[in-house]
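Report on the following structure.
The numbers here are math on the coordinates, done by the rules we state, and not lab data. What you see is a predicted model, and the numbers here were worked out from it, not measured in a lab. As a convention, Cβ positions derive from the backbone with ideal geometry for all residues, glycine included, and neighbour counts pool all protein chains shown.
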Amino acid sequence: MPVCLLLSGLLIGVSNPLLAQVPGRATTPSGPVGASMAVLATLQDAEVLPPEGTPEANRVIRAVIQFQSVFLKSDDLSVQLFLTQALTAQEAPSTDKTLSRFRSMGWTSEVLEALSEQWVTTAIDQREHLAPGFRQFNVTLKDFDSLMDLFVKAQTAFMRRGQNIHQVFGQYRREMPGGTQ
């Protein structure tokens, strides 16, 4: 849980109400903050998160935060199409409901799983279409590949333990800011 405390400190700095009073600064809603914290806690629980304080861990924290912003805020058509295709490919009952929940609350394990599965099935030359949208948020295709790889490793680690990543993530999500009890 120490990584969550570090992330919390970083994100609270971004969402500090005093900063919201500064022109041009906006607060980050607690839903996406808590969702990022839950992703990191899930990765840590799966023992796939690099050791705290290392450059690798800092890259993962940055990727979790930035890619959530990419998929929430980017107006890049390739990025939005990738997200929509990922969710549509899932056997979920309602793509619109999942997308709406993501837009209001931030990361869900279902969205991460959908993105991961879409990433694996997307040809390398097609992935290049995402690069401009990612660059707007200072992240790369390699950063996304690494994040998706960590998600798959976490899924595998939980399956080996007889656990389900969605249940683990859900528990952490309820414990984080903006979570529902």
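With the alpha-carbon atoms of region 59-116 aligned to their principal axes, the span from lowest to highest coordinate is 33, 23, 21 Å, starting with the largest.
Taking every pair of distinct Cα atoms and averaging 1/r, then inverting, what Kirkwood hydrodynamic radius in Å comes out for region 85-181?
Numbers: mean 1/r = 0.0678 Å⁻¹.
Kirkwood radius, region 85-181: 14.7 Å.
Here the label points at residue 56 and residue 122, each 7 Å from Cα along the C-beta direction, are separated by 2.5 nm in the simple model.
What percentage of all Cα-Cα pairs in region 110-151 are separated by more than 16 Å? When every Cα pair of region 110-151 is considered, 33 percent fall beyond 16 Å. The aspartates and glutamates within cross-link reach of residue 142, meaning a Cα-to-Cα straight distance under 20 Å and a gap of 8 or more places when in the same chain, are 56, 76, 113, 117, 125, 128.
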